[in-house]
Amino acid sequence: MQHTIMIVEDEEAIALMLRYNLEKEGYKVVVEGRGNHVIAEIEKHCPSVILLDWMLPELSGVEICRLVRSKPDIKSIPIIMLTAKGEEEDKIKGLNAGADDYVTKPFSIPELMARVKTQLRHSPEPIAEKELLFEDIRMDLIEKKVFRGETFIHLGPTEFRLLKMLMENPGKVFSREYLLKNVWGDNIYVESRTVDVHIRRLRRSLNNYGPDYIRTVRATGYSIDITE
Ligand code: CA
């Protein structure tokens, strides 16, 4: 499976350059520019390596590093600190906070790539995404459960698969034919009206606990989206 590398960097030019080079190496890349959402994003994407900038708005790299190391489910993810600070003292501070490696800006791309590879050797095998989120709707893909806020929503297996398809691509409009093929499968004969029936059930289950995010697009199909 493809490794995910997470870049936590507020300087867009550097984040772009890193993304470009990492994608060229075949990695999946996730970029986060601010400190406050980082932990939730790490838990969501379960990256194989984190490239973590030292100076960030909100939480600093060192604080993020400490937080990651304090959370059992993500604490073993390797962290490479990126920093403009070359001082020996800062390096020690970074490593003490739990970073596995330390690279000083400006760094050479081949060197950084080599360091990423070294960390990947220590990284656990990537696992598939654990959950999907859309506003207050959360789908736990491991437990196969859906929640709105804290409320557990009971869904039938077909409604679950339908919602999963919509939540994997928010905003994208799926035709009934596409949904039939991908939710029910190629070899099963069902009418396209069946999709409407299951969408109705899905709405009924979800909408008791919050706004209706399932959008009917006339003559086209369905999507999950925020309609003002
Ligand atoms: Ca920065």
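Couple of notes before you dig in:
- With K and R counted +1 and D and E -1, the other residues having a Cβ less than 13 Å from that of residue 11 yield a net charge of -2.
- Of 28/145; 144/172; 144/181; 117/172; 44/93; 71/93, those spanning more than 31 Å from alpha-carbon to alpha-carbon: 117/172
- The GluC sites (Glu not before Pro) of segment 81-183 that meet both conditions, a loop assignment by DSSP and at most 16 other Cβ atoms within 10 Å of the site Cβ, are 87, 129, 135, 143, 150.
- Taking segment 131-224 and dividing mean pair separation by its residue count, relative contact order in percent (alpha carbons under 8 Å, at least six apart): 28
- Average Cα contact separation per residue, the chain, under 8 Å, 6 or more apart, as relative contact order %: 13
- Phi angles across segment 146-161 convert, under the Karplus curve 6.51 cos²θ - 1.76 cosθ + 1.60 with θ = phi - 60°, into 3J(HN,Hα) values of 10, 10, 10, x, 9, 7, 6, 10, 7, 10, x, x, 5, 5, 4, 5 Hz, Gly and Pro given as x.
- Remark: segment 192-203, residue by residue, has Karplus-estimated 3J(HN,Hα) of 5, 5, 4, 4, 4, 4, 6, 5, 4, 5, 4, 4 Hz, where x stands for each Gly or Pro and the curve is 6.51 cos²θ - 1.76 cosθ + 1.60 at θ = phi - 60°.
- Counting neighbouring Cβ atoms within 10 Å and putting the fewest first, the residues 165, 55 line up as 55, 165.
- Exposed trypsin sites (Lys or Arg not before Pro) absent: longest stretch of the chain, with sites in DSSP loops and at most 12 other Cβ within 10 Å deemed exposed: 1-74
Throughout, read-outs are computed from the coordinates displayed, never taken from laboratory work. In this text the structure is predicted, and so the values were computed from the model without any measurement. Ideal geometry is used to build each Cβ from the backbone, glycine not excepted, and the neighbour counts take in all protein chains shown.
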